[in-house]
1. Check the straight Cα-Cα distances from Lys63 and name the aspartates and glutamates below 18 Å, setting aside those fewer than 8 residues away within the same chain.
2. With only Lys, Arg, Asp and Glu charged, each at its Cβ (+1 for the first two, -1 for the last two), find how big the charge dipole of the range 229-372 is about the Cα centre; round to the nearest 20 debye.
3. Neighbouring Cβ atoms within 10 Å as the yardstick, rank Phe81, Phe95 fewest first.
4. May I ask for log10 I(q)/I(0) of the range 395-517 at q = 0.19, 0.20, 0.23 Å⁻¹, from a Debye sum over the Cα atoms as equal point scatterers with solvent left out?
5. How much net charge surrounds Tyr495 when only other residues with a Cβ under 9 Å from its Cβ are counted (Lys, Arg +1; Asp, Glu -1)?
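FYI, it's all coordinate maths here, none of it is from the lab. Worth saying up front: this structure is predicted, and the values here are computed from it rather than measured. Note that we place each Cβ from the backbone using ideal geometry, even for glycine, and neighbour counts take in every protein chain shown.
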Amino acid sequence: MGARRLGARIMPRVRGWLPGNSDLIIKGLTSGRKDYIGEFIVGIFDSAGETLGDDRCFTRNPKNVQKILATDFENYRKGPFFANITEQLLGTGVFNSDGEMWQFHRKLARPFFSKERVTDFLIYERKAMDCIQKMEQHFDNDLPVDFQDLVARFTLDSAAEFLFGVSTNSLDAPLPLPYNFPDSPQKDMISSTPSSRFAKAFGKALIILLDRFDLAHLWPLGEIFEDKMKGPMKDVHAFVDVIIRNAVREHDKEDVKEGESLLSHLITVTDDTKVITDQTLNILLAGRDTTASLITFTTYCLAMHPEVVQRLRQEILDNLGFDKAPTYDDIREMKYLKAVLNETLRLYPPVPFNLRESINETYWFDDKGEKIYVPPSTRQVRPRDPEYWGPDAHIFDPDRWLDSRLTRYTSNPFIYVPFNAGPRICLGQQFALNEASYFMIRLLQHFDQFELTPEYQPPHTRVPEEWKDPTIPVAPLLRRRQLEKCFIRSHLTLYADGGLWLRARRQKASDIRSKSY
C-alpha cells in the first residue's frame, strides 16, 4: 500500500538461507576479517542493483545520498539501532544523538570551530615537531616507525589541548617497536602510560562496535555471557575522567574565564557528568581518529607515489622553504596539497560508511531514476563508491581535482562527502583539513622520500598474495585492492590493520645548501 501511494516499487531484497539471514551475517563477519574493505557489500550490489534492502537498505546512488543527508534530512535520524550498539562508548554525544540532544551538543561545539580558533597553529607546530623528532630518532637507530600510531598521538594531543585546554602527553611515551623486534624495557614503558592504555582500550572498543554492527540485531547474543565493552571502557573512562576532573578543578578557580575551552564551557552550562563525559568522548573520537586516518592514508599514498612526493615538496618549498612554519594563508595557496588531500579522502574516506534510519515511509531512486519504496524505521547504509569518477576511479591521481575531470564532482557533489553533508556536516571539517595540511607541510619540509616496510607488519595483517594477482577477476569497485600494500579495515573510521610501518629519508644537508628558498 505504501509503495503504491508514493508511486514507487518495492526495492530488491537479499535473502539468506537461514532464519534471520544469519548465514549472511556470518558471511559478512568473516568477510570483514579476511576480505578487502566493502567486498561483501559490493558483491551484493553487483548481484542485486545499486539500491537494495528490506529492514536494512543499502544505497550507493548519490541522488539518494543527497536526499538522506540534505534535502529530506528531517525524515532521517541516527535512530535506536545505532544508539543501542554505540551507547556504551558514545553515550548521548553529538554522533549518537538525535533531535534536541543533537542540537544541544552541536550548538555547544560550534563556536569552538570558528575560523579564528581553527587557524591558530601554535599547537600543531609544537606537536608536529615532536613527531618529526621521534621519527628521526627511530631512523637514526635503523628502526621503522608505525606512522599510524604516531599521528594518532599527534591528533590526540592536539585535539585535547585545542578543545579541552589540557595536554594528554601521548607523544612523550616511546614509539612502539615492530612485532619481531627483541623484547626491551621500551615495550613495557609504552604500555604503562595512561595515554597508551587509553588508545589501546579505545581501539578495542571500536573493534567491538564493528562486531556489533556486523551482527546487526543479533549482536546481544554474541555478548550474552560477557559484556565485551566493560573492560575497555574501564580504561577509557580512567583516562577521560582525569581530564574532566582537572578541568572542573581549574574551572572552580576564579582566574579561569568561561569559554576558555570547549570542556570548560561545557562544565559551565551543565553539571551532568554523563553529558560532559559523552561529549568529551565524542570530540576525542572526531579529533583523534578521523584526522589521524587522513594523515595516515595521505602518507601511505605518498609512499607509493614518489612522483607526487616530489611535486608536492616542490610546491611546499617554493612557498615556504625548508624551515618556515605555514600560516592559514600559506595553506590556502597550496592547490596541489589540497588536491592530494582531496584524492586521499576520495579513496580512503575516514568514515567510509554512513548509517541513518527513516522516520516515515519515503522513496529513493534506482539507477534508472525510478522510485523505489523505503518503509518507515528502515536503516540505510551508504558505502564509499568511486563508480562515478570514470574508468581510472581506482587510481590515486591528485590531478583529477585540478583538470577537466573535476566536473565529475562539481556536477554531482554528493559523490564526494567525506565530511558528511547537510545539517549534520562535520563542524570540525576545517579544523581537520588545517591540521592535516600543517602536518604534511612540516613532514615534507624534513623528509623527501617514504618507504613502506611490510616486513615489520604482523603476519596476519599483511596483504594476501591473491589480492596482487592481476589474473584473478575482481569487481570494478574493488580494483583498488590489487594496488594495496596494507590491510585496510574500518570500525567507525578507516585504519591500517597492524599499523602503517615505514621509513623516511631526510633531506640531505648538501641538497639544502645547494638551493635557495
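1. In chain and number order, the partners are Glu50, Asp72, Glu74, Glu357, Glu361, Asp366, Asp367, Glu370, Asp385, Glu387.
2. Here the range 229-372 has a charge dipole of around 400 debye.
3. The fewest-first ordering by Cβ neighbours comes to Phe81, Phe95.
4. Per q value, in the given order, log10 I(q)/I(0) is -1.36, -1.36, -1.35.
5. -1
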